[in-house]
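Worksheet: one structure, shown below.
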Amino acid sequence: MKTPNTVLNQHYALLIHVSVLLLLTVLSLFVSHAISGKMVPANFFANQVWQGLAINMASYSLVYFLVNLNNSKRWLKTLLITFSWLVAVSFTVWLDTVQLKQYNEPLLSHHVFYFLLVNTVVKSVFGLAALFAWMIINLIRQKLNFDELQLNTLQTQMSLLTSQTNPHFLFNTLNALYAKAYKTQQHELATDIGQLSALMHYSFTQTQKPLVQLEDEIDHIEAFIAMQKLRLNGKVDVSFHYGPLACDIKIPPMLLNPIIENAFKYGVNNQDKSSIDISLNFADNLLTLNVTNVDFSEQIKASTAFIQSGTGLTTLTRRLSLLFDDNYTFKTHKDTGLFNASLTIPCQ
């Protein structure tokens with residue numbers, strides 16, 4: 001499904017490409033008719049202007065395609081663009097030498113040098129135009145995504161403000177219950193109430209921040225898992241493990257939770273023993289979350305108690321697109337009764 005921002009991006013991109021290519025076409029027509037002199041016969045470039053323009057347009061498109069490649073190293077993009085530019089220049093120089101022979105003129109070294117100079121300048125102009133178009137389109141895309149993120153943040157904050165009485169009342173009640181349980185020596189109950197209070201407090205306060213410490217997100221996930229274990233009363237085995245993580249890693253808040261919540265929603269039933277495996281790894285400035293659970297989705301959806309929401313992973317996907325554009329991977333996979341979800345995002 002295309003979002004309004006996606007449609008706007010496409011319209012802006014099309015308008016920019018048409019404008020740039022139209023300007024380049026006019027410039028090509030002018031230059032091809034203006035170039036004349038001792039180096040080449042009269043109207044040499046004018047007679048083959050459309051052929052040259054087609055090649056230059058293809059060169060423009062190829063450069064734009066290469067610079068727009070996702071998940072590619074910068075050095076690899078630079079190498080591919082340079083190689084394609086050299087191929088385009090070499091091909092058009094060869095083509096000009098072939099065209100010169102049709103004028104019954106001998107091919108001399110100064111002809112080759114002149115063709116090389118002209119085509120180098122022309123291909124550079126078209127290549128730089130492609131880079132310019134990419135930068136403008138990318139800036140517009142980032143601006144639209146930023147505006148949508150700001151709007152979503154404002155809507156979230158408004159929702160929190162309109163319901164602020166309930167959270168404060170709930171926190172005060174939980175704190176009172178915690179104190180009462182602790183005074184009556186019900187330490188296990190006090191711990192559970194304290195975890196629930198911390199879990200809800202984090203959910204209400206941290207979502208207003210653009211970035212949070214990864215270690216705080218991990219603490220929140222561990223508290224969420226503890227509450228789920230308490231609710232399910234031993235019906236699920238949960239493994240949550242992660243390797244060494246740098247202390248300064250930051251990510252958008254509550255970004256990992258929808259995947260874990262989905263595992264508890266569709267990976268646990270009342271009849272069978274369930275298991276959920278959660279792993280978190282950080283390498284090369286990329287954070288990867290893998291969640292694997294037994295797949296009870298068909299049985300759960302067939303239950304009369306099931307309430308269809310269907311917004312968790314859909315909302316997550318849209319949020320990922322806004323935050324990271326295409327610089328992330330989110331995959332789900334079903335195999336032999338297991339469901340796996342994998343998310344990889346860049347980290348600051």
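Highest mean first, what order results for 326-337, 56-67, 230-241 on Cβ atoms within 10 Å? Don't skip to the end; give the middle numbers.
Working: 326-337: 11.4, 56-67: 19.2, 230-241: 13.1.
Ranked from most to least packed, the peptides come out as 56-67, 230-241, 326-337.
Model label points for Asp272 and Thr25, set 7 angstrom from Cα along the Cα-to-Cβ axis, are 6.1 nm apart.
Size descriptors for segment 204-348 (Cα atoms only): Rg and Dmax, in that order, 15.4, 46 Å. In terms of overall dimensions, segment 198-246 has a Cα radius of gyration and Dmax of 12.6, 36 angstrom.
The charge dipole of segment 222-297, taken about the Cα centre with unit charges on the Cβ atoms of Lys, Arg (+1) and Asp, Glu (-1), comes to about 280 debye, rounded to the nearest 20. Extending 7 Å from the Cα toward the beta-carbon at both Lys73 and Ala54 defines two label points whose distance is 3.7 nm.
No value in this document is a laboratory result; all are computed from the given coordinates. A quick note: this is a predicted structure, and the numbers were derived from the prediction, not measured. Neighbour counts run over all protein chains shown; Cβ positions are idealised from the backbone, glycine included.
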